[in-house]
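Everything below concerns the one structure shown next.
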Amino acid sequence: MASEYISSDMVEVSEFPHLAVKYNVQGVPATIVNEKHSLVGAQPEMDVVRMALKAIGK
Amino acid sequence: MEMGVLKDRDKKTLTKVFGELTGQVKLVMFTQEVECEYCQLTREMVEEIAALSDKLSVEVHDFVQDASKAKEFGVDIIPAVVVMGDRDYGIRFYGIPAGYEFNTLIETILDVSRGEHGLPQSVVDELAKVDQPVHLQVMITPT
């Protein structure tokens, strides 16, 4: 909501096991950023933002 | 006798919570004609939630027949629920929002309605540096 560039999905991965395989999800919650970078566990908001910046090369 | 997905007690609590809604929220739900088990439960859930406040509405689409609508919303798996306020904030729930995720859905509805994200200013400042699309997918399991 705070950024027009960010979209956010909540994925109930047990209903979509192919996504768990695709993103190599070993534990939940796991946050996948732009289909590649991943963060495991519940993360502080700032860490998610930094990961988002890293994903776009900043 | 209780009918539906939500318990009467939950409906009572939610009705109270939804008193805090300000702006309209639309839940755009994607399912299909022959519904998967979780598609049906999710549809019933969002319909029951929306019935609790006149600030809430539901729009149900068939994922197959309304393929162009699904594409417009970027929905490629079902059940899917888009939580929209005065605009589409890019928030999607895939799979049934049960257990802890039910709370997340309700909080999201409240935030979207009020147009408030509740993030501290330091995070908002950092977010301002994001100038290209970023897609976050939070993988969770029902608890």
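Filter the strands (runs of 3 or more DSSP E) completely within region A:1-44 down to those with at least 1 residues that are in contact with a Leu (Cβ under 6 Å, 6 or more places away or on another chain).
A:6-12, A:30-33
Taking region B:106-118 on its own, how many of its residues are free of Cβ contacts under 8 Å to residues at least 24 places away in the same chain and either surrounded by 18 or more Cβ atoms within 10 Å (Cβ to Cβ) or basic (K, R) (or both)? Residues meeting the conditions: 1.
Those residues that are under 17 Å from the mean Cα position of the chain (by Cα), of a type in the set (S, T, N, Q) and surrounded by fewer than 17 Cβ atoms within 10 Å (Cβ to Cβ), I need them from region B:26-78; list them, please. Correct list: B:Q40, B:S57. Checked against (1) charged (D, E, K, R); (2) at the interface with chain B (Cβ under 7 Å from one of its Cβ atoms); (3) closer than 12 Å to B:Q137 by Cα, A:K36 meets all criteria but (2). Scanning region B:119-130 for residues that are within 7 Å of another protein chain (Cβ to nearest Cβ) and open to solvent by 70 Å² or more (accessible area, probe 1.4 Å) returns a single hit, B:K129. Within region A:30-39, at least one residue is under 23 Å from B:E107 (Cβ atoms) and touching a Phe, Trp or Tyr at 6+ places or on another chain (Cβ under 9 Å). Criterion applied to B:D111, B:D62 was being over 28 Å from A:V28 (Cβ atoms) and either among the acidic types (D, E) or at the interface with another protein chain (Cβ under 7 Å from one of its Cβ atoms) (or both), and the one residue passing it is B:D62.
Would you pick out the residues in region B:85-101 that are part of a strand (DSSP E or B) and open to solvent by 30 Å² or more (accessible area, probe 1.4 Å)? The answer is B:D88, and nothing else.
The values are calculated or read from the model by the stated rules, or taken from the named source; none is laboratory data. The model shown is predicted, which means the values in this text are computed figures rather than measured ones. As a convention, Cβ positions derive from the backbone with ideal geometry for all residues, glycine included, and neighbour counts pool all protein chains shown. Calculation scope for accessible area: heavy atoms of the full protein, side chains included, ligands and nucleic acids excluded. Shrake-Rupley method; radii C 1.70, N 1.55, O 1.52, S 1.80 Å.
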